[in-house]
Amino acid sequence: MSNIIKNIIKLKDEVVENISKIKEEQQLNNEKAKYLGKKGIIAEAIRMMDTLDESGKKELGRVSNETKKLINVCLENQRKLIENEKINQKLLKEAIDVTLPGTKIKTGTRHVLRQTVDEIVQLFSEMGYIVAEGPEIENEDYNFEKLNLPKNHPARDMQDTFYITEQILLRTHTSPVQVRTMLKNNGNKPIKIVCPGKVYRRDDDDATHSHQFMQLEGLIVDKKVSISDLKGTLDEIARKMFGEDKKIRLRPSYFPFTEPSVEVDVTCNCGGVGCNICKQTGWIEILGAGMVHPNVLTACGYDPEVYRGFAFGLGIERIAMLKYGIDDIRNFYINDIRFLNQFN
Ligand code: PHE
């Protein structure tokens, strides 16, 4: 038998083992070229066909055809094996262990000031109040003039103001929202709103002052509203906010937009014995309030002969400080996670 044919027969024995060892698809392609390509082993043998006699030619043709088929089958099988192995590896890698404990996702919480606002708003909405909001950049007319605080009124000094232009300012209280609401209602609809929001004053920051803080003001305008309604409302709110055993007292005070004006105190946790928080008085001031001044009603389109109203305003920070025993207002703003986490 010619060497050419012997070589091919030998090749037949080898390929099965060779191909079965291949692990990469690229290597399979190389191998295919090596055996079956134009310059491959078989093509090489065929080119030498002329050197054989008739029966040798036949034999070579038969053997090389068989070998080609065998190689093709082996390559195809190996290709499938490699592919399956790839899929198995992938499945293995992506396997999900359903018994693993889930990863806890850290979510933020509402800021303690937001929580306090939400709680107070909740109390008032149970009493039928609607939330009204307005811009923090206001005009002087709404922040002062319509609230019975004309230019050069000494009480403007009580609210040190950040001016942007001569007429535009950062609101010093949320009362302009009340002005806006009254104007919108054209002097003929009753009003029952609370206005929470940020306000700004040119204070030097210290433990009890901040140039920016939060207020919540309330306003009722209707035909029959008296100071006893105001007192009843505040009594109810104080008890819900600070505890059922709490009492309030009204002290005469002065605000340009209310007449009469009062300051409202609630009994201290010390039960009247006197402590640091109430400065030994047994009472803690929580808000300012009063009957809406006739000038304000008039300026905002309501006839003071027909309509009356009461208003109150409280500082959110102050309420939260009292409620949680916080002694420095700056804690609310520096976002120390150790502080904030306590209200989680
Ligand atoms: N607007 C007042 C302030 O910021 C608070 C207040 C509101 C007082 C309503 C009385 C009535 O000082």
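The values are calculated or read from the model by the stated rules, or taken from the named source; none is laboratory data. Since the structure is predicted, the reported quantities are computational estimates derived from the model, not experimental observations. Note that we place each Cβ from the backbone using ideal geometry, even for glycine, and neighbour counts take in every protein chain shown. Heads up: the accessible areas ignore ligands, DNA and RNA and are worked out on the full protein's heavy atoms, side chains in. Shrake-Rupley method; radii C 1.70, N 1.55, O 1.52, S 1.80 Å.
Okay, here's what the table says:
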quantity: Exposed trypsin sites (Lys or Arg not before Pro) absent: longest stretch of the chain, with sites in DSSP loops and at most 11 other Cβ within 10 Å deemed exposed; calculated: 152-222
quantity: Whole-number accessible area per residue in Å² for the chain, which is evaluated in the context of all protein chains at 1.4 Å; calculated: 59
quantity: Under 16 Å from residue 151, Cα to Cα: aspartates and glutamates that are on another chain or at least 8 residues apart; calculated: 138, 140, 141, 160, 166
quantity: Separation of alpha-carbon centers, segment 170-218 and segment 44-119, rounded to whole Å; calculated: 68
quantity: Sequence-distant lysines (8 or more away, or on other chains) whose Cα lies within less than 29 Å of residue 6; calculated: 21, 23, 32, 34, 38, 39, 57, 58, 68, 69
quantity: Gained length - residue 327 relative to residue 339, 0.36 nm times residue gap less alpha-carbon distance; calculated: 3.1 nm
quantity: Charge dipole magnitude, Cβ of K and R +1, D and E -1 - the chain, Cα centre, debye nearest 20; calculated: 1720
quantity: Accessible surface of segment 112-343, 1.4 Å probe, proportion on carbon and sulfur as whole %; calculated: 49
quantity: Residues residue 209 and residue 104, FRET efficiency given R0 of 45 Å [Cβ-Cβ distance, rounded to 0.05]; calculated: 0.70
quantity: Crossing angle, helix 54-93 versus the chain [Cα axis fit, 0-90 degrees, rounded to tens]; calculated: 20
quantity: Expected 222 nm ellipticity per residue - DSSP helices of 4 or more, -39500 (n - 2.57), all of the chain, to 500; calculated: -13000 deg cm²/dmol
quantity: Max mean-square fluctuation residue, GNM over the chain, Cα-Cα springs under 10 Å, options 112, 16, 273; calculated: 16
quantity: At 1.567 mPa s and 4 °C, Stokes diffusion of segment 112-343 via Kirkwood alpha-carbon radius, µm² per second; calculated: 71
quantity: Stretch gain in nm, segment residue 279-residue 127, where the contour uses 0.36 nm per residue and the Cα spacing is subtracted; calculated: 51.5 nm
quantity: Stokes-Einstein D (µm²/s) once Rh is taken as the Kirkwood radius of segment 3-94 over alpha-carbon pairs, at 4 °C in 1.567 mPa s; calculated: 91
